1. Given the Cα-Cα distance of A:Ala198 and A:Val101 and 0.36 nm per residue of separation, how much length would full extension add, in nm?
2. Mean separation of Cα pairs under 8 Å and 6+ residues apart, divided by the residue count of region B:53-178: what relative contact order is that in percent?
3. Assuming R0 = 35 Å, can you tell me the calculated FRET efficiency for the pair B:Ile167 and B:Glu93, based on Cβ-Cβ distance, to the nearest 0.05?
4. Pop the C-beta distance of A:Ile111 and B:Thr156 into the FRET formula with R0 = 51 Å and round what comes out to the nearest 0.05.
5. Kindly put A:Lys500, A:Lys336, B:Lys65 in sequence by how many other C-beta atoms sit within 10 Å of each C-beta, fewest to most.
6. How much length would be gained if the chain were fully extended between A:Tyr549 and A:Phe121, taking 0.36 nm per residue of separation minus their Cα-Cα distance, in nm to one decimal?
7. Once all Cα-Cα distances of region A:25-172 are split into 10 Å bins that start at 0, what whole-number percent is in each one?
8. I'd like to know which of B:Ser121, B:Met149, B:Ile167 lies farthest towards the positive end of the charge dipole of region B:53-178, counting +1 on Cβ of Lys and Arg and -1 on Cβ of Asp and Glu.
Amino acid sequence: MATTYRTCPVSGLQFEDQAEKLMRWNAVAGVLWLLVGGITALLVILTRWPAIKLLPADQFYLILTAHGIDMLILWILFFEMAVLYFASSTLLRCRLAAPKVAWLAFWLMAIGGIVTNIAVFQGESSVMFTSYVPMQAAWHFYLGIILVAVGALLGVAVFFGTLVVAKREKTYQGSLPLVTFGALTAAIIATFTILAGAGILLPTLLWSLGILKEIDAQLYRMVWWGLGHSSQQINVSAHVAVWYLIAAVVFGAKPLSEKVSRFAFLLYILFLQLASAHHLLSDPGMSAEWKVLNTSYFMYFAVMASMIHGFTVPGAIEAAQRRKGYTNGLFEWLRKAPWGNPVFSGMFISLVSFGFLGGISGVVLGTEQINMLMHNTFYVPGHFHTTVVTGTTLAFMAVTYLLVPVLFRREMILPKLCQIQPYLFGISMSVLGLVMMGAGTLGVSRRHWDMAFSGAPFQYEWPGAAYLMMGLTGIFGVIAVIGGGLWILLVVGSLLFGKKLDGGKVSDRPTPIPVNTQAASAAAHGSEHVAVPGTVVLALLLFVSFVLYYFVNWKYLSEVWLLS
Amino acid sequence: MSAILPPSERLWWKQPIDKVEWAWIAIAFVWGMVMFVMMIYWHIYGKQNLSNEAYKTTPEMFAAKAEKFIAENTIRTETEQQIPVVKVPANGEGYLIARLWAWYPILELEKGKTYKIHLSSMDYNHGFSLQPVNINIQVIPGYEHVVKMTPTKEGTYAIVCNEYCGIGHHSMLGRIYVK
Ligand code: HEM
Ligand SMILES: [Cu+2]
Ligand SMILES: [Cu+2]
């Protein structure tokens with residue numbers, strides 16, 4: 001098929017016509033889902049805020065189901081499709097393999113998303129996004145999710161195809177860029193995950209249609225989390241790739257070591273398939289040996305991989321800054337970083353919040369025995385709002401500030417507001433995560449409409465501190481919604497009203513990536529080795545917090561009733 | 001900008017790794033191993049481990065056993081609904097039914113005694129969340145989980161349901177007395 005290639009005059013990135021359209025449509029669809037998700041977030045938070053308690057119970061559970069699906073599945077997946085096409089077609093400067101399939105993927109996902117939302121808003125499918133059997137949703141709830149999954153799988157296939165095209169048409173030489181390698185990691189995990197997902201989604205659909213009589217409730221949880229957890233590793237791989245991308249574009253940063261970073265991505269592929277275990281630590285149907293093996297041996301290698309990225313990303317930035325002459329003390333490189341550039345500030349807050357809050361809380365939560373202190377409490381959503389929100393969502397928001405000018409050819413409107421948005425959203429969401437974890441530590445349940453237990457035969461008074469934490473949850477949740485809403489406003493506003501930018505030269509054939517000689521690289525980065533003491537200090541700080549928090553929780557555990 | 005370009009050293013896998021990076025990798029690895037060993041250590045020396053004892057069952061089978069237990073050990077009833085308060089024999093076995101939307105019956109235990117509490121659900125997933133102790137265990141229909149527990153303090157405890165189980169989920173509150 002005839003197509004054209006446009007070279008962006010600002011960034012030098014080259015966009016193939018079809019890939020560019022697909023990236024735009026997927027990104028915009030993602031933003032629309034984020035809008036729906038954001039509205040539901042506001043309703044959820046105003047209901048969980050004990051002083052307000054906005055919605056009645058039935059509507060709360062309906063809206064919470066929609067929030068989980070529209071945010072975790074739809075917003076994230078659509079944006080990831082754009083990331084995949086960018087990391088393949090744009091970074092490798094080649095045409096997209098099978099754009100027709102990519103459009104089919106897009107429409108399947110869009111229609112699937114709408115069908116599931118219809119099912120949810122009709123009111124008969126308030127089963128939460130986990131849809132544990134035997135609680136049953138309407139059949140089209142499951143059908144919609146299956147369509148989304150099939151669409152995503154096709155999109156991933158187009159990504160793989162595009163890598164083959166680039167290799168065959170020799171648009172680059174040597175190995176894949178690190179960012180593309182990260183996206184490849186995400187795509188490989190996505191393939192496994194979606195296939196595992198098919199193993200549970202199809203039977204569930206048949207069951208909802210009455211064709212299959214019963215699905216074992218424990219088995220469902222196990223296979224479902226094979227999908228549900230591993231897919232979080234897609235998000236981590238994607239946002240780590242985005243971190244590297246931003247470090248490269250903003251600072252010209254070069255990975256400290258290609259080998260180490262790639263090895264860390266490889267660890268994700270090898271060791272996260274089985275982490276569904278840590279959602280089942282307090283379940284009856286699995287043995288302790290199975291739980292320990294799956295959470296430790298398999299998961300800790302993935303944790304190690306995240307710790308490695310958590311070191312190499314800031315390390316690469318520090319090295320780049322030091323090469324530019326910011327060499328005073330431990331932290332001049334960080335102080336003199338472009339904190340007013342939302343691309344950088346968003347990325348850095350994402351990195352810190354994901355590492356210190358999301359990462360540490362996740363490992364503690366995933367420790368076999370400690371899980372009993374937190375399973376199904378508010379700690380759990382607190383934890384994942386510091387992974388998939390301050391980690392993935394914020395990284396995607398940050399990279400959008402980069403993409404609007406180069407991909408959509410519009411200048412961002414209201415630059416002052418753009419500057420503060422990552423702080424507003426990133427900080428309030430981090431605090432929200434923290435106070436949610438605080439409430440969970442005090443026992444408050446997730447997915448629970450009424451802390452006063454109205455209609456129950458007894459009373460239970462939560463400690464005052466729990467109400468305090470839930471009040472703070474309300475306040476910071478509202479601020480976070482404002483921060484997220486501001487981002488949507490800025491992005492949509494810029495797409496509609498931003499100053500049009502020059503698209504750059506269009507050609508009917510791709511310009512391959514120039515061969516990057518060692519000499520050219522040395523000229524750009526300096527060949528000598530640069531030490532990164534500031535990053536070492538940050539990493540040690542992370543490590544110490546990690547160790548302390550980990551053992552504090554064992555101490556808590558040792559104080560509860562004896563169990564065996 | 002090399003993260004978005006092919007590696008400048010074509011033989012990147014032959015580049016040496018910096019000492020500091022090695023050190024961090026080593027720290028991360030050792031820490032992973034410490035966390036691994038910690039779980040095993042706690043299984044051997046720790047006093048809070050979730051029981052491994054579980055059986056496949058059906059709501060009917062479980063309800064029958066629980067009803068027998070309740071009939072034999074009820075000491076009084078409480079609340080308007082006349083919920084039986086059942087004294088679990090010291091160091092003996094007790095049953096707790098999770099169903100829409102109640103924990104049934106009320107259990108009475110003694111501090112320092114060890115009990116085998118059988119948990120199962122009659123319908124959907126439920127969440128056994130003992131407050132204010134904060135122990136949380138998933139309760140799944142079709143599975144009978146036998147949890148050995150030893151209360152360490154007297155008092156009146158609440159069992160909150162913390163797995164979403166439908167419109168009455170927030171009213172699913174149970175009770176355990178520890179004398
Ligand atoms: C914009 C601000 C947001 C606020 C204030 C917010 C607030 C909340 C709260 C309070 C809950 C817990 C409700 C409960 O368990 O009772 C929740 C659940 C959840 N949130 Fe968010 N959220 C926000 C954004 C997001 C984003 C961006 C994502 C995903 C990328 C997300 C994904 C989820 C998921 C998956 C759940 C679990 C739903 C369930 O339990 O089934 N949220 N949110
Ligand atoms: Cu329940
Ligand atoms: Cu419940």
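1. 32.9 nm
2. Reported as a whole number, the value is 26 percent.
3. Efficiency at R0 = 35 Å is approximately 0.60.
4. Efficiency for this residue pair is about 0.45.
5. Ranking A:Lys500, A:Lys336, B:Lys65 by Cβ neighbours within 10 Å, fewest first, gives A:Lys500, A:Lys336, B:Lys65.
6. Contour length minus the Cα-Cα distance gives 150.0 nm.
7. All Cα pairs, binned at 10 Å, distribute as 12, 35, 27, 16, 8, 2, 0 percent.
8. Towards the positive end, the residue furthest out is B:Met149.
Each value in this text was obtained by applying a stated rule to the coordinates, not by laboratory testing. The model shown is predicted, which means the values in this text are computed figures rather than measured ones. Counting neighbours? That spans all protein chains shown, and the Cβs are built from the backbone with ideal geometry, glycine included.
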